[in-house]
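Please read the structure below before turning to the comments.
The values are calculated or read from the model by the stated rules, or taken from the named source; none is laboratory data. What you are looking at is a predicted structure, and each value in this text was computed from that prediction instead of being measured. Heads up, the Cβs are rebuilt from the backbone with ideal geometry, glycines too, and the neighbour counts pull from every protein chain shown.
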Amino acid sequence: MGKQHYQITVNGEPQDVLAEPRELLIHTLREQLRITGPHIGCETSHCGACTVDIDGRSVKSCTVFTAQVAGKEITTVEGLGSPDAMHPLQEAFREHHGLQCGYCTPGMITRAYRLLQENPSPTEEEVRFGMAGNLCRCTGYQNIVKAILAAAAEMNASKEAAE
């Protein structure tokens, strides 16, 4: 069976991609669409470096075929903010030193984004549990947790100020 066309939306932009039915989403994102935020780590779903948001759920893109996401909305770390207007999570990771080498950071931020959508005011324990599927070999996690809690506080304060 050869390559087929699939319509997906990535970071708000409709995309027509050509992929074999067995092609993994991570490869379509990186190689065809040149969206390089999600990283290829373990390719076994253990590390979370490839985490993206698909229709409101955190998904490790190394576990999903491109064919499975036809018609779906995909958000990567690139879709959360921009260099001129960072998302509060991106800013908090920078401000609270929630990264070192940066390899896991896009997956961490994308997963944290969904975590805060599901639970806008998590406790430290809830953050640690919610982020357990994303591994980091550098930081020891403490600053990642601090960054997520700080971003939650900032997002909640902005929400209250807007009301």
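Miscellaneous remarks
- Within the stretch 107-138, considering residues that are part of a helix (DSSP H, G or I) and among the polar types (S, T, N, Q), the one farthest from the chain's Cα centre (by Cα): Q117
- Flag for T36 being without any contact (Cβ under 8 Å) to a residue 60 or more places away in the chain and either in the same structural domain as A153 (by TED's automatic domain parsing) or assigned to a loop (DSSP other than H, G, I, E, B) (or both): yes
- Qualifying residues in the stretch 133-159 (those that are within 18 Å of K60 (Cα to Cα) and in contact with a helix residue (DSSP H, G or I) (Cβ under 8 Å, 6 or more places away or on another chain)) - the one surrounded by the most Cβ atoms within 10 Å (Cβ to Cβ): N134
- Screening the candidates E31, E43 for the property of being farther than 12 Å from K72 by Cβ and at pLDDT 95 or above yields one hit, E31.
- Of residues in the stretch 95-132 being of a type in the set (F, W, Y) and out of contact with any helix residue (DSSP H, G or I) (no Cβ under 7 Å at 6 or more places or on another chain), the one farthest from G79 (Cα to Cα): F129
- Matching option when the condition is of a type in the set (K, R), within 23 Å of T28 (Cβ to Cβ) and surrounded by fewer than 19 Cβ atoms within 10 Å (Cβ to Cβ), among R128, R94, R57: R57
- Those residues of the stretch 12-33 which are buried (at least 18 other Cβ atoms within 10 Å of the Cβ) and touching a residue at least 40 places away in the same chain (Cβ under 8 Å), in sequence order: V17, A19, E23, L24, L25, L29
- Of the residues examined, T76 is not one that is over 28 Å from Q7 (Cα atoms) and either in the same structural domain as D16 (by TED's automatic domain parsing) or of a type in the set (V, I, T) (or both).
- Counted residues, the stretch 68-102 - those being of a type in the set (V, I, T) and within 24 Å of R137 (Cβ to Cβ): 2
- Close Cβ contacts (under 7 Å, 6 or more residues apart or on different chains) running from residues in the stretch 116-127 that are under 14 Å from E154 (Cβ atoms) to residues that are among the hydrophobic types (A, V, I, L, M, F, W, C) and surrounded by 12 or more Cβ atoms within 10 Å (Cβ to Cβ) comprise L116/A151; L116/A152; L116/M155; P120/A152; P120/M155; S121/A152; P122/L115; P122/A152.
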